[in-house]
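The values are calculated or read from the model by the stated rules, or taken from the named source; none is laboratory data. The structure displayed is predicted, hence computed values, not measured ones. Cβ placement follows ideal geometry from the backbone for every residue including glycine, while neighbour counts extend to all protein chains displayed.
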Protein chains: 2
Amino acid sequence: MSLAAVLARLDANADSAVERLFELLRIPSISTDPAYKDDVARAADWCARQLAEVGFDAAVRPTTGHPMVVAHWRGKVANPGAASVLFYGHYDVQPVDPLSLWETDPFDPRLVSRDDGSKIIVARGAADDKGQLLTFIEAARAYVAETGGMPCPVTVFLEGEEESGSPSLKPFLTANRAELAKDVALVCDTNMLDRTTPAITATLRGMVKEEMTLTAASRDLHSGMYGGPAQNPIRALAKVLAKLHDDQGRVTVPGFYDGVPELPAEVKAQWENLGLTPESFLGAVGLSISTGEEGRSIAELVWARPTCEFNGITGGYTGEGFKTVLPAEASTKISMRLVGDQDPEAISRNFRAFIEANLPADCKVSFAPFHGTPALRLAFDSPWLDKAKAALADEWGVPAVVMGSGGSIPVVGDFKQILGMDSLMVGFGLDDDRIHSPNEKYELSSFLKGARSWARILDRIAG
Amino acid sequence: MSLAAVLARLDANADSAVERLFELLRIPSISTDPAYKDDVARAADWCARQLAEVGFDAAVRPTTGHPMVVAHWRGKVANPGAASVLFYGHYDVQPVDPLSLWETDPFDPRLVSRDDGSKIIVARGAADDKGQLLTFIEAARAYVAETGGMPCPVTVFLEGEEESGSPSLKPFLTANRAELAKDVALVCDTNMLDRTTPAITATLRGMVKEEMTLTAASRDLHSGMYGGPAQNPIRALAKVLAKLHDDQGRVTVPGFYDGVPELPAEVKAQWENLGLTPESFLGAVGLSISTGEEGRSIAELVWARPTCEFNGITGGYTGEGFKTVLPAEASTKISMRLVGDQDPEAISRNFRAFIEANLPADCKVSFAPFHGTPALRLAFDSPWLDKAKAALADEWGVPAVVMGSGGSIPVVGDFKQILGMDSLMVGFGLDDDRIHSPNEKYELSSFLKGARSWARILDRIAG
């Protein structure tokens, strides 16, 4: 059976795979900083060369920003009728400051042994996303080496602007729609549940952002002269914000929960048994009590329920000491995370109407332009989900958790909207990988068993 | 009758009085800016020389900051048994920036005629407080010239730090308590009701300042990862601030209205008939609806009712664009204006207890150190008030309004606490004098009739 041979080859080549990852980690491909532009380009070249070495038809494709790497498998395919896949990863990394908090050079990767015998790879980008993207390339390398081909049609698509807002992504996908639209995208930029439990991310929350300013008087007023009769926009803002959540933690905007699906019973039961309690989940950040909707588990709240959160508020004098001013305005930034079929435009419309309806006297409100993206999800009964679950259970010996992501992964939305393609999100990062922070690491087991997992997933997709 | 002669002399000397005021206005005595230190000293010298010229025993008294001017009348007193008075004013002025908004040089005073024939004196300090303090010195000058003495024992006390927080005032009053404690202080730093209606300010609101910070998580959180279950301190702050006022505009802190006196019926009636409506009072700043306690007139709200106002609020990300952060903390600055016998310490204690009692789950609150000052007032039946009312009615031909001040005049509190002395606040400024702003002005009628008013008040006090 060729899968067993592919897996054996991955195990045999583990050391050289780590050495290849180290080569990529040594390139400081910081996409936000123009000083590293050439390094970003070097990382793209390196990826394309690796893919070409495996046998892909690989090219570095220029954009007005950092380049894309696109690599098509044109060789033998074991099952040419199988679903075609587009694998996505990104070869750019976050900046490293504050450098002083790194224990070693962020671009001098090290393999560090823990007391329990496990090992970690420490470097900027080890987990986000160089280690993750190489799991797939190593799986492909072993497949080709062992079988002379791939089990199903494969295209690899890597970007170098993920950490700087992906300005070139939408134009590139739009311009190359026919070339890149496949049956399913494989996205490797997410986490496991913990070090021994694999996970598939099936839902991503959407978002509506509202930036609003309440204005009262035409200028700042002296609180001794006007305090009392004149409307205070901070008071007005507090009054209206306080109405947005009821005492059970539910958002009070009319129609807010339209299109919010209830979880399938078995998913709800699985999530309730993940051991994510308010104490365990919130304890690490100094909290212990859930302030979300009553009667929902932590996992459900973060992965499958909408929110309305205040991200910033400002008004009046906020410096040292006191100024007894009655400010002319106060403003706030609010983000609403969306799930299921919630319609971002309807949410924004209803939110604004609610604010207007609850505005205290002598106050005006203005809003920044609409900004919203819908939630995304793989149906819980999607065939891609079933194949990945089976493959991951085979590799890790325990069932994979189908989870949600509280945040968003913009490329998944772009794949859906521009290429009409669902994404299967499988990744091997851990919550403690310190991505975007000093001393980023990736578990060696994530890297090696991640590559084995992709080999198994490709086999299931082909099979 | 000597008063009539004193008034006639004031009228006859009007032009030279204006020229003296212009001399003082030409000295840029900006107390906040060290570059003008010598000019501040020059202004003190000028005032002392004027008082000496009138016949006072006048001295410039050094402090660690700008000097004080103290001048005692040691000559003839018509009624040596009459009440002794301490006249207070300040010879320093506000900075002038933005200079570009001044139509003429702020230290080149001009007499400008209006279309209706009235005249104004335009210069920095014309109203605040050089014009006001000279009304008294001119009255004294005329008294001495006409009668060879003063009607009652008089000391003049001028400071040069009023616009920079009066750092030397308390130490100076404490060190010279016996010398400066008189039967009553005459303070000339307040306004008339309008150009033709004189006013006495009988109450000053006190203040409690609270600076409080709500803390939830031990660090800023990603709203995608923690939004929902984790407490958001902005949400918590909005909830608790929204509870501080009920729907009738009353402050809900228990015991908040303890010690708040109701107005005497005749004062209440007078104030309701001043023509201060929400539209007239708030219209100039773009508002029209009173948000203060229901059923109270504008004058009562600003002069005789306590408030709880939010002066500043901040939390989370407040820059351009968006950061979908769940902040670790949010904070606010709150000032409560006090009236009557409200006890600042009890107010602060009750406020903090109310906040603690209404704090949402998983939240802590911390407060800056207590800062409070009580309200001050002349009893509405005080004899000083009666004398001043009679004198002002004689001069202006209409009854004087006894009003309150929404803000505070710190020196009045210091006179009360350190010297045990009440203050009779009579001033001739107008709300549109643009003090602290470009193109500050003082009505010529305020200056000339102000001097006549002080002559009449001194006569009544002696009388």
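A few comments on the model shown:
- Residue within region A:89-102 that is modelled with pLDDT under 95 and among the β-branched types (Val, Ile, Thr) present: yes
- Scanning region A:295-304 for residues that are in contact with a Leu (Cβ under 6 Å, 6 or more places away or on another chain) and at the interface with another protein chain (Cβ under 8 Å from one of its Cβ atoms) yields one hit, A:ILE298.
- Residue in region A:322-345 that is crowded, with 17+ Cβ neighbours inside 10 Å, at the interface with chain B (Cβ under 7 Å from one of its Cβ atoms), free of Cβ contacts under 8 Å to residues at least 24 places away in the same chain and not basic (Lys, Arg) present: yes
- Filtered residues of region B:340-362 (kept if among the hydrophobic types (A, V, I, L, M, F, W, C) and modelled with pLDDT of 95 or more): B:ALA346, B:ILE347, B:PHE351, B:ALA353, B:PHE354, B:ILE355, B:ALA357, B:LEU359
- Selection status of A:ALA236, at pLDDT below 95 and more than 7 Å from chain B (Cβ to nearest Cβ): no
- Meets criteria (within 14 Å of chain B (Cβ to nearest Cβ), out of contact with any helix residue (DSSP H, G or I) (no Cβ under 8 Å at 6 or more places or on another chain) and buried (at least 22 other Cβ atoms within 10 Å of the Cβ)) for A:LEU204: no
- Output for region B:132-156, where each listed residue is touching a Gly at 6+ places or on another chain (Cβ under 8 Å) and either of a type outside the set (A, V, I, L, M) or not assigned by TED's automatic domain parsing to the domain that holds B:ALA48 (or both): B:GLN132, B:THR135, B:PHE136, B:TYR143, B:GLY148, B:GLY149, B:PRO151
- So A:VAL251, is it in contact with a Cys (Cβ under 8 Å, 6 or more places away or on another chain), more than 10 Å from every other protein chain (Cβ to nearest Cβ), in contact (Cβ under 8 Å) with a residue 60 or more places away in the chain and surrounded by fewer than 22 Cβ atoms within 10 Å (Cβ to Cβ): yes
- Sole residue being within 12 Å of chain A (Cβ to nearest Cβ), among the hydroxyl-bearing types (Ser, Thr, Tyr) and in contact (Cβ under 8 Å) with a residue 60 or more places away in the chain, chosen from B:THR277, B:THR190, B:THR213: B:THR213
- Residue in region B:213-228 that is surrounded by fewer than 24 Cβ atoms within 10 Å (Cβ to Cβ), assigned by TED's automatic domain parsing to the domain that holds B:ALA357, charged (D, E, K, R) and modelled with pLDDT of 95 or more present: no
- Any hit, region A:366-373, residues being more than 7 Å from chain B (Cβ to nearest Cβ), crowded, with 16+ Cβ neighbours inside 10 Å and more than 24 Å from A:HIS245 (Cβ to Cβ): no
- Among the criteria (1) more than 11 Å from every other protein chain (Cβ to nearest Cβ); (2) crowded, with 20+ Cβ neighbours inside 10 Å, the one A:GLY149 does not fulfil is (2).
- Residue within region B:77-91 that is in contact (Cβ under 8 Å) with a residue 60 or more places away in the chain, surrounded by fewer than 18 Cβ atoms within 10 Å (Cβ to Cβ) and not in a loop (DSSP other than H, G, I, E, B) present: yes
- Boolean, A:VAL260 is touching a Gly at 6+ places or on another chain (Cβ under 6 Å), farther than 24 Å from B:ALA238 by Cα and of a type in the set (Val, Ile, Thr): yes
- Those residues of region B:318-340 which are within 22 Å of B:ALA242 (Cβ to Cβ), out of contact with any Asp or Glu (no Cβ under 8 Å at 6 or more places or on another chain) and not charged (D, E, K, R), in sequence order: B:THR318, B:ALA330
- For B:THR307, the stated conditions do not hold, so it cannot be described as under 30 Å from A:LEU287 (Cβ atoms), among the polar types (S, T, N, Q) and either more than 8 Å from every other protein chain (Cβ to nearest Cβ) or touching a Lys or Arg at 6+ places or on another chain (Cβ under 7 Å) (or both).
- Residue list for region B:281-294, filter: more than 7 Å from chain A (Cβ to nearest Cβ) and free of Cβ contacts under 8 Å to residues at least 12 places away in the same chain: B:GLY283, B:ALA284
- Selected residue (criterion: farthest from the chain's Cα centre (by Cα)) from residues of region B:312-334 that are at pLDDT 95 or above and either under 22 Å from A:GLY228 (Cβ atoms) or of a type in the set (A, V, I, L, M) (or both): B:ALA330
- Odd one out for A:TYR257, checked against (1) among the hydroxyl-bearing types (Ser, Thr, Tyr); (2) in contact with a helix residue (DSSP H, G or I) (Cβ under 9 Å, 6 or more places away or on another chain); (3) at pLDDT 95 or above: (2)
- Residues (among the acidic types (Asp, Glu) and away from chain B (no Cβ under 13 Å)) located in region A:402-431: A:ASP414, A:ASP422
- The condition (being within 28 Å of the chain's Cα centre (by Cα) and of a type in the set (Asp, Glu)) is satisfied by just one residue among B:ASP38, B:ASP11: B:ASP38.
- With respect to (1) over 29 Å from A:VAL325 (Cβ atoms); (2) surrounded by fewer than 20 Cβ atoms within 10 Å (Cβ to Cβ); (3) in contact (Cβ under 8 Å) with a residue 60 or more places away in the chain; (4) not aromatic (Phe, Trp, Tyr), the lone exception for B:PRO198 is condition (2).
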